[in-house]
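Below is one structure, written out as structure tokens, with a few remarks after it.
The values are calculated or read from the model by the stated rules, or taken from the named source; none is laboratory data. The structure displayed is predicted, hence computed values, not measured ones. Cβ coordinates were reconstructed from backbone atoms using ideal geometry, including for glycine residues, and neighbour counts include every protein chain displayed.
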Amino acid sequence: MLTALSISQFAIADQLELDFHAGMTTITGETGAGKSISLDALSFALGARADSSIVRSGADKADIHAIFDIRRLPHVADWLSTHELGSDDSECILRRVITSEGRSKAYINGAPVNLQQLKNLGDMLVDIHSQHAHHQLMSRDHHQLLLDAYAACQPLLKKTADAFACWQATARRLQQLQNQNNDSTKRKEFLQFQLQEFDDLKLQKGEFERLETQHQLLANAEALMQACQQTLDICHEHESHAVLSQLQASRHLLQAFGEHFADVHDASELLENAAIQIEEACRSLRHQLGLIDNDADNLDEIETRLAAILDLARKHRVDPHQLPVLQQTLQQELDGLDNSSEHIAALQAQAQHERETYTALARQLTQLRETASEKLASAVKQQLKALGMSNCQFVPRLNTDFDSPRASGFESVEFLISTNPGSPPQPLAKIASGGELSRISLAIQVVTASASTIPTLIFDEVDVGIGGATAEVVGRLLQKLARDAQIICVTHQPQVAACANQHLFVAKQLKKGAVHTFVKTLDNEERLNEIARMLGGVEITRATLDHAAEMLGKAQQA
């Protein structure tokens, strides 16, 4: 439940600190005082879209904190844990900051989140019923949302939508493959022609790289041969002046002294190792000269082979190194076309299975809606009777069409109404007057709210257009709802306000040339005076106070 709301620099409120109790809370005040400001601010803390116009004039930003007790909401704690938005499983803090430039930031338990995350959590915590809800009753889509909420079929609805999405995705892939199959003959012929060029070339793995290396070698063969031969001459070939001969002579000079002098012995060993290294170098150079001699006659053949590879690469507009990968890709496409019949058959079987899964879920949804529609009709009729419309017939009609499957199932929902005995039910827009529509809307909202699992229900002036005994009934209905949920209600009706466990009074005052809104929790005496004010009259008389006291007494005994 909502326990506290802090509002800073929002609309005409510079700073408000509100504490909320369990049960039913009413918010009252004179017209224009800003009774809905706190609820508007709360809606932004719950993820509603906002712009800079909500920031108090002259302020840099509006800042809203909403604190919720979630000790009895394990699913909320699980959601917070899943999204790593730490909670101690007892309290959750939602925060929204909107700057005067129109930028917005959202936080859950101090961690920054995106607006959708804030809204997803907010939808689990609060359900707001506004005075304009009766306008939504003109929308058939809204009728289905209300019935589904009353039927508590959201989990099944999600499964049905997911199954529908899977089936449709497979159907699209199947259609695409069937279209490709119809045009595949020419494509297959072209792929076969392209692959034949690869087969004729017989390109081996790593061949292009090896040929490039050989060609580079032969292109520099003369200079390389000269360098190798000159090095051999220096190191070995000219026996009297060769490096190897000089090293051997040096070792011979030192040999007689190596047994007696350690440094001379070490030097002799180093000279021997040097001689071995030079011998190895000479062998490598002779091998390289042999390779040049052997490949020299193959230069034309190598260049011809390279040219063929480069021609094929240019034809396909790829790097020569990528030719093997391209060949594999073309072969896979051809194999896919060759096996398209098998693929089509497999997709057809998959699509059929997914359709059967969807159909089974959608039929369960239909049954759930049919059962819920009967219960909803009976419950709304009972509330309409209490609201002075005993002759009114309310019919949630399911328009089921098994030939037109949708993500939401096989049916659309439409609320029909008959306000006169003997008249056939017709769409709300054609039958109900403004006053009747307000009461019908209220009855539906109260009934659907009673089936809600959301812990905090807010009614923002939903009692507009009613009064007298009907207003008293509305108050009792909300009072009854408050036994199972936290109810917060903005009202003009004293009969409704009298039913509350907590009464907040909203007023405005002029300070330093600016209008400020403030909210006060009324004590018993203040509450008596406020109910008397709401009952009307320029002057609050003893009779008005007695009437207010009687109204409060009856409401608290209910």
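Here are a few things to note about the model shown:
- When CYS282 is tested against (1) surrounded by fewer than 17 Cβ atoms within 10 Å (Cβ to Cβ); (2) closer than 30 Å to GLN246 by Cα, just one condition goes unmet, and that condition is (1).
- Filtered residue count, the range 159-218, keeping only those that are closer than 30 Å to GLU354 by Cβ and of a type in the set (A, V, I, L, M, F, W, C): 10
- Among residues of the range 406-430 being in a helix (DSSP H, G or I) and surrounded by fewer than 18 Cβ atoms within 10 Å (Cβ to Cβ), the one that is modelled with the lowest pLDDT is ALA429.
- Test: LYS35 is basic (Lys, Arg), in contact with a strand residue (DSSP E or B) (Cβ under 7 Å, 6 or more places away or on another chain) and at pLDDT 90 or above: no
- The residues of the range 153-193 that are under 30 Å from SER452 (Cβ atoms) and surrounded by fewer than 14 Cβ atoms within 10 Å (Cβ to Cβ), listed by number, are GLN154, PRO155, LYS158, ALA165.
- The range 109-133 - residue that is part of a strand (DSSP E or B) and out of contact with any Gly (no Cβ under 9 Å at 6 or more places or on another chain) and, of those, modelled with the lowest pLDDT: SER130
- Total residues in the range 379-404, condition farther than 22 Å from GLN154 by Cβ and either more than 33 Å from the chain's Cα centre (by Cα) or among the β-branched types (Val, Ile, Thr) (or both): 15
Rundown of residues vs (1) in contact with a helix residue (DSSP H, G or I) (Cβ under 7 Å, 6 or more places away or on another chain); (2) among the hydrophobic types (A, V, I, L, M, F, W, C); (3) in a strand (DSSP E or B), yes/no style:
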position: ALA443; (1), (2), (3): yes, yes, no
position: ALA449; (1), (2), (3): yes, yes, no
position: PHE459; (1), (2), (3): yes, yes, yes
position: GLY465; (1), (2), (3): yes, no, no
position: VAL474; (1), (2), (3): yes, yes, no
position: LEU478; (1), (2), (3): yes, yes, no
position: ILE487; (1), (2), (3): yes, yes, yes
position: LEU504; (1), (2), (3): no, yes, yes
position: ALA507; (1), (2), (3): no, yes, yes
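- Of the residues making up the range 1-33, those that are of a type in the set (Val, Ile, Thr) and either in a strand (DSSP E or B) or crowded, with 20+ Cβ neighbours inside 10 Å (or both) are THR3, ILE7, THR25, THR26, ILE27, THR28.
- Scanning the range 344-363 for residues that are surrounded by fewer than 17 Cβ atoms within 10 Å (Cβ to Cβ), over 13 Å from ALA163 (Cα atoms) and in contact with a Leu (Cβ under 9 Å, 6 or more places away or on another chain) yields a count of 2.
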